[in-house]
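As structure tokens, the structure follows; a few thoughts come after it.
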Amino acid sequence: MIFLTVADEKYIDELRSFKDEVLKADKDNDDQFAGCMGLRESSDLREWIDICKRRSSASTCGQVGSKVPSTTYFAIREHDGRLVGVIDLRHHIDHPILSTWGGHCGYSVRPSERGKGYATQMLHLNVINARKMGIEKMLLVCDADNTPSEKTIIANGGQLENIIEADGCKMKRFWIETKDLSGSNKR
């Protein structure tokens, strides 16, 4: 079991380990840090967490390069406190790119923890967070050939709307109605 918590310095060592593992394992993947905007380039993890906090407010998100406010969550495994993933939630997608192929959230799972169902749990908890924010439908987009992400989205009630092409890449657009999922986020 996992819980989501807003990005916090309490988990700085776990974040460092997460980043190092992703960089090493996914060096050829352009989208290796989905849901972790700016983490790859960041040399100061405390500053990155501060930027995440500033992105969460409509009044400060533009100062840190965000188009819309978003909240970044760490997915923490309950029994040992390990950071297994990072997921974000855009508070709205009233932006041409986000409403077409950016969607409401992105997520990354630590390479050594993939295939264990964490992405499905993370997205489930994030759908609950979206419902609490008043988001009734979430747009999720994945590369057309990203079968693990597609399965994660479908497992959370995602309904395929269409397939589009963006920047030369075919992408599948799914919608999740947040009222369709039940449960509660711990923390």
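Read-outs: derived from the displayed coordinates by stated rules, not from any lab. Owing to the predicted nature of the structure, the values given are computational and were not obtained by experimental measurement. Cβ atoms come from the backbone with ideal geometry, glycine included; neighbour counts cover every protein chain shown.
Taking GluC sites (Glu not before Pro) in DSSP loop conformation with at most 15 other Cβ atoms inside 10 Å as exposed sites, the chain has its longest uninterrupted site-free stretch at 79-135. When each of Thr60, Thr120 is scored by the number of other beta-carbon atoms lying within 10 Å, the sequence from fewest to most is Thr60, Thr120. Pull out a ≥ b ≥ c, the square roots of the eigenvalues of the alpha-carbon gyration tensor of the chain, then state rounded if a/c is under 1.5, prolate if not and a/b is larger than b/c, and oblate in the remaining case. Verdict is rounded for the chain. The DSSP beta bridges internal to the chain are antiparallel in roughly 100% of cases.
Using a simple charge model, +1 on the beta-carbon of Lys and Arg, -1 on the beta-carbon of Asp and Glu, nothing else, what dipole does the chain show about its Cα centre, in debye to the nearest 20?
Computed charge dipole of the chain: roughly 520 debye.
Of the residues Arg110, Arg46, the one with the fewest other Cβ atoms within 10 Å heads the list, and the complete ranking is Arg46, Arg110.
Residues whose amide H comes within less than 5 Å of that of Ala166, counting only those at least five positions distant or on another chain, are Met171 (H built at 1.01 Å from N in the peptide plane). Separation of the range 65-118 and the range 133-155, taken as the distance between their Cα centroids, equals 11 angstrom. Just to be sure I understand the curve: with the Debye formula and one point per C-alpha of the range 63-135, what is log10 I(q)/I(0) at q = 0.22 Å⁻¹? Cα-only, vacuum Debye calculation for the range 63-135: -0.99. Dipole orientation for the chain: of the candidates Met37, Ile128, Pro69, Ile128 has the Cα lying most toward the positive pole (charges on Cβ; Lys, Arg +1; Asp, Glu -1). Over all other residues within a Cβ to Cβ distance under 10 Å of Phe18, the charged ones net out to -1, with Lys and Arg as +1 and Asp and Glu as -1. Structure note, pairs Lys67/Lys170; Lys19/Lys151; Lys10/Lys172; Lys10/Lys170; Lys27/Lys67: Cα-Cα distances above 32 angstrom occur for Lys10/Lys172; Lys10/Lys170. Go ahead and set up a Gaussian network model of the chain, Cα springs under 10 Å, then flag whichever of Gly106, Gly157, Gly115 fluctuates most. Most flexible of the set in this elastic network: Gly115.
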